[in-house]
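In what follows, a structure is listed as structure tokens, so that the remarks can point back to it.
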Number of protein chains: 2
Amino acid sequence: MVRARSEERRADILRAALEVIAERGYRGATLGSVAERVGLTQQGLLHYFPTKEALLVAVLEERDRWDTSGGRDREGWRLDLLESLVEYNAMRPGIVQTFSALLGESVTDGHPAREFFTERYAQVRANMADVLRLEFGERLPGGLTPERAAPLLTAVMDGLQYQWLLDPSAVDMPGAFRDFLRLLRGDAP
Amino acid sequence: MVRARSEERRADILRAALEVIAERGYRGATLGSVAERVGLTQQGLLHYFPTKEALLVAVLEERDRWDTSGGRDREGWRLDLLESLVEYNAMRPGIVQTFSALLGESVTDGHPAREFFTERYAQVRANMADVLRLEFGERLPGGLTPERAAPLLTAVMDGLQYQWLLDPSAVDMPGAFRDFLRLLRGDAP
DNA sequence: CGTAACCTACCGATCTACAGGTAGGTGGGT
DNA sequence: ACCCACCTACCTGTAGATCGGTAGGTTACG
């Protein structure tokens with residue numbers, strides 16, 4: 001079963017790339033250090049992914065697949081599932097760090113992940129709007145439409161991640177996110 | 001007046017560094033490209049800032065000075081001044097991009113700006129809490145304490161910046177921020 | 001006043017260290 | 001016999017940093 005072994009290798013490489021990108025960002029990551037982590041030479045790695053950028057694209061695609069599986073894309077989430085997602089993220093600093101680092105880099109000129117993130121955020125906002133509409137209808141308790149609240153919801157998730165990554169002990173990410181949801185719901189504390 | 005000329009040069013260099021970091025991030029920025037922008041060689045630049053990291057530190061310090069002048073530090077802002085700040089930022093994509101790129105990078109291991117941002121965010125949250133307390137007292141209309149709302153306020157500002165940088169036409173940053181403030185205030189739309 | 005000593009603001013050459021990528025193998029499984 | 005999964009060797013480019021200048025101005029002092 002050579003084929004299976006090969007697929008396994010690719011998965012190993014992607015996992016290692018995720019780690020290295022988390023540690024050093026995309027620009028700071030080197031093929032050599034990714035290769036080393038899976039017991040390959042840099043050139044051996046290039047056998048699987050012909051360029052550094054191809055590796056990045058594969059990483060992003062996998063993230064996409066992971067995101068859209070679990071029923072997010074069409075079916076959508078519900079608000080309480082978002083809450084669990086944040087809790088889940090709080091236990092996986094590695095993944096959060098990878099994508100926060102990439103997001104930060106991606107706003108620089110000509111970054112290979114820029115288009116990916118641009119499209120992704122458009123889609124995420126649309127998803128968020130759907131979730132909110134499902135939960136609240138055309139007007140949230142605070143008076144916003146789902147479309148107006150969606151960028152805020154997205155921003156809170158991302159912004160909290162940065163604060164939490166910089167100092168996990170200073171920010172209770174899931175707690176703060178719940179606070180925000182309460183704000184959206186217009187609940188009393 | 002050799003001294004004055006020198007100070008001017010340093011200021012030029014810092015401005016150029018800000019630009020280059022916005023375009024390529026810190027890791028992607030090169031001393032040569034910064035130097036070129038002010039009509040120096042790379043070695044000439046190193047005469048003013050002995051290492052790349054020293055240059056970054058100087059950039060961050062200047063930002064700090066800029067931030068804390070204008071009466072932010074002790075006296076604090078008020079909520080409506082925050083609103084103007086966001087509007088102001090929306091007209092200065094360069095600055096926003098520089099610090100968003102740096103923030104993103106700074107969560108990677110051993111990044112020279114990491115400590116700076118960690119401390120800075122602690123301070124920003126404290127400032128935000130003060131602003132909120134000044135405006136609302138110990139309980140905001142939504143029921144949160146100033147300390148609980150501060151990370152959210154901060155997160156919204158940062159998160160919106162990323163969405164806006166990726167696609168300015170897709171996000172009305174000042175508008176969205178006002179929406180959030182309305183949520184905090186518990187106003188009807 | 002003049003000149004020697006010194007300082008400031010640079011530049012050219014060069015070193016070291018990778019980084020990404022190419023070319024051309026080799027060896028084991030099918 | 002063949003091909004997939006690698007490796008060795010190597011090339012090219014680039015980045016940060018050091019070294020040793022040089023030109024021009026400044027200061028100290030006889």
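Given Cα pairs under 8 Å that are at least 6 residues apart, what percent is the relative contact order of chain A?
Relative contact order for chain A comes out at 20 percent.
Report Rg(Cα)/(2.2 N^0.38 Å) for the protein assembly as shown, keeping two decimals.
Cα-based Rg divided by the globular estimate yields 1.04.
Given R₀ = 35 Å, what would the calculated FRET efficiency be for residue A:62 paired with residue B:170, taking r from the Cβ atoms and rounding to 0.05?
FRET efficiency, residue A:62 to residue B:170: 0.90.
Using all alpha carbons of segment B:1-66, what is the percent of pairwise distances in each 5 Å bin, ordered from the shortest bin to the longest?
4, 19, 31, 28, 13, 4, 1, 0
Would you tally the net charge around residue B:140, using a Cβ to Cβ cut-off of less than 10 Å, leaving residue B:140 out, and scoring K and R as +1, D and E as -1?
Overall, the nearby charge balance is +2.
Interface A/B, total buried accessible area with a 1.4 Å probe, nearest 100 Å²?
4000
Report the convex hull volume per residue for segment B:72-189, counting only C-alpha atoms, in Å³.
106
Find, among the residues of chain A, the one whose Cβ sits nearest the axis of the rotation taking A to B; state the distance in whole Å.
A:104, 0
Between segment A:112-142 and segment B:95-123, how far is it from one alpha carbon centroid to the other, in angstrom?
Cα centres, segment A:112-142 to segment B:95-123: 27 Å.
Kindly report the accessible area of the protein assembly as shown per residue (heavy atoms of protein chains, probe 1.4 Å, no ligands, DNA or RNA), in Å².
46
Given a 1.4 angstrom probe, I'd like the percentage of the accessible area of the protein assembly as shown that is carbon and sulfur, rounded to a whole number.
Of the solvent-accessible surface of the protein assembly as shown, carbon and sulfur hold 50 percent.
Please turn the phi angles of segment A:114-123 into ³J(HN,Hα) values with the Karplus equation 6.51 cos²θ - 1.76 cosθ + 1.60 (θ = phi - 60°), one per residue in order, whole Hz, x for glycine and proline.
Values, residue by residue: 4, 4, 3, 5, 4, 5, 4, 6, 4, 5 Hz.
Can you list the distances in nanometres, one decimal and ascending, from the residue B:39 label point to the identical position in each other copy, with the point 7 Å along Cα to Cβ?
Ordered by distance, the counterparts are at 6.0 nm.
The values are calculated or read from the model by the stated rules, or taken from the named source; none is laboratory data. Nothing here was measured: the structure is a model prediction, and the numbers come from that model. Ideal geometry is used to build each Cβ from the backbone, glycine not excepted, and the neighbour counts take in all protein chains shown. Ligands, DNA and RNA are excluded from the accessible area calculation, which covers all protein heavy atoms including side chains. Shrake-Rupley method; radii C 1.70, N 1.55, O 1.52, S 1.80 Å.
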